[in-house]
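The next block holds one structure in the form of structure tokens; read it before the comments.
The values are calculated or read from the model by the stated rules, or taken from the named source; none is laboratory data. What you see is a predicted model; the values in this text were computed from it and never measured. Heads up, the Cβs are rebuilt from the backbone with ideal geometry, glycines too, and the neighbour counts pull from every protein chain shown.
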Amino acid sequence: MSPILFWLFSALMLGFGANVILNRNPIASALSLVVSFLGLAALFVGLDAYFIGVIQVLVYAGAVMVLFLFIIMLLDLKKEKRRNLRPFAVIGGGAVVAAFVTQLLIVLSRFPGGTKTLPALTGSLDDTRNIGSTLFSNYNLPFQAVGVLVLVATIGVVVLSKRELK
Amino acid sequence: MLTLNDYLLVSGLLFALGFAGVLFRRNLIVIFMALEMMLNAANLALVAFARFNTLDGLPNYNGQMLVFFIITVAAAEVAVGLAIIVALYRARQTVHVEDVSTLKF
């Protein structure tokens, strides 16, 4: 992936990501998150992870965000009223985030493997085929466990959505 | 040339944005979206590590498998979490975290 494209999609992802937390309208936040996830999918494709990129668009930008928008419109959430910020909470939160970013920069500047450039790929890049054979050989048990988890989540959502819990 | 640090920096910044959203926003649904951003930042770091540490001339697919499982679990988590938010809204008519403080000490 050329550096120009990388920085373009990174800026797209981070810019719309910032809009998610700055915008007061929940629908605008959700739509910004869709654009942010599309930028992330482009970064995945740039890292030769084509299958993960497609899954990102289908599952995240598609299914998950439709669910979010559906719930926002179902609850009919209005633009948030401006509430008083508690100064202690704002200072504390800001300090934690600033400490995290500082720590990130320090760790990255000392990380010896960080200056590695993209190694060339020599094998055949049948992405979906490779992922499929790994999934059904080395990762068969986790795959079955995830299947059970999704079933449990489905039943849980049905139970939670009932009017009366009995 | 792009280095591993570039990807890790972008991933860390996305994580910080999601973290700030969880700390500063008080709308439950927006907090939930910020959580998704943090999960996706971890996914980007995993895919970058998988691509930069090649195995037999191919990306290390163990990293991509982890991302696959994270996406699956996150989708299930979103479904359950939003169902809880809807149940909460039915009981209290609010999605504002400060209006839901019965358990607060």
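Test B:Ile31 against the stated conditions and say whether it is in a helix (DSSP H, G or I), touching a helix residue (DSSP H, G or I) at 6+ places or on another chain (Cβ under 9 Å) and over 24 Å from A:Leu47 (Cβ atoms). Yes: the conditions hold for B:Ile31.
Can you name the residue in the stretch B:48-105 that is in contact with a strand residue (DSSP E or B) (Cβ under 9 Å, 6 or more places away or on another chain) and without any contact (Cβ under 8 Å) to a residue 24 or more places away in the chain and is also nearest to A:Met1 (Cα to Cα) among such residues? Explain how you work it out, then say what you get.
Restricting attention to the stretch B:48-105, the residues satisfying the condition of being in contact with a strand residue (DSSP E or B) (Cβ under 9 Å, 6 or more places away or on another chain) are B:52, B:61-62, B:95-97.
Imposing the further condition that a residue be without any contact (Cβ under 8 Å) to a residue 24 or more places away in the chain reduces the set to B:61-62.
Details: B:Tyr61: 19, B:Asn62: 22 Å.
Per the stated criteria, the residue is B:Tyr61.
Within the stretch A:65-84, residues that are more than 7 Å from every other protein chain (Cβ to nearest Cβ) and crowded, with 16+ Cβ neighbours inside 10 Å have Cβ atoms under 6 Å from residues that are in a helix (DSSP H, G or I) and β-branched (Val, Ile, Thr) in these pairs: A:Met65/A:Val34, counting only partners at least 6 apart in sequence or on another chain. In the set (1) farther than 26 Å from A:Phe70 by Cα; (2) assigned to a helix (DSSP H, G or I), the condition left unmet by B:Met1 is number (2). Considering (1) part of a helix (DSSP H, G or I); (2) surrounded by 12 or more Cβ atoms within 10 Å (Cβ to Cβ), the lone condition that A:Leu121 does not fulfil carries the number (1).
Quickly run through the stretch A:120-144 and pick out the residues that are of a type outside the set (Phe, Trp, Tyr) and under 22 Å from the mean Cα position of the chain (by Cα). Walk me through how you get there before you give the answer.
Going through the stretch A:120-144, the residues of a type outside the set (Phe, Trp, Tyr) turn out to be A:120-135, A:137-138, A:140-142, A:144.
Correct list: A:Asp127, A:Thr128, A:Ile131, A:Leu135, A:Pro142.
Any chance the stretch A:89-97 includes a residue that's part of a helix (DSSP H, G or I) and under 19 Å from B:Ala45 (Cβ atoms)? There is at least one residue in the stretch A:89-97 that is part of a helix (DSSP H, G or I) and under 19 Å from B:Ala45 (Cβ atoms).
Looking at the stretch A:12-21, which of its residues are within 9 Å of chain B (Cβ to nearest Cβ) and either of a type outside the set (Gly, Ala, Ser) or closer than 30 Å to A:Pro119 by Cβ (or both)? Residues satisfying the conditions are A:Met13, A:Leu14, A:Gly17, A:Val20, A:Ile21. Of everything in the stretch A:109-118 that is under 26 Å from B:Phe68 (Cα atoms) and surrounded by 12 or more Cβ atoms within 10 Å (Cβ to Cβ), the residue that is modelled with the lowest pLDDT is A:Gly114.
So which of B:Arg26, B:Arg51 is under 30 Å from A:Gly94 (Cα atoms) and either among the basic types (Lys, Arg) or more than 9 Å from chain A (Cβ to nearest Cβ) (or both)? I'd like the intermediate steps shown before the answer.
On the way: B:Arg51 fails: under 30 Å from A:Gly94 (Cα atoms).
Within the list B:Arg26, B:Arg51, the selection yields B:Arg26.
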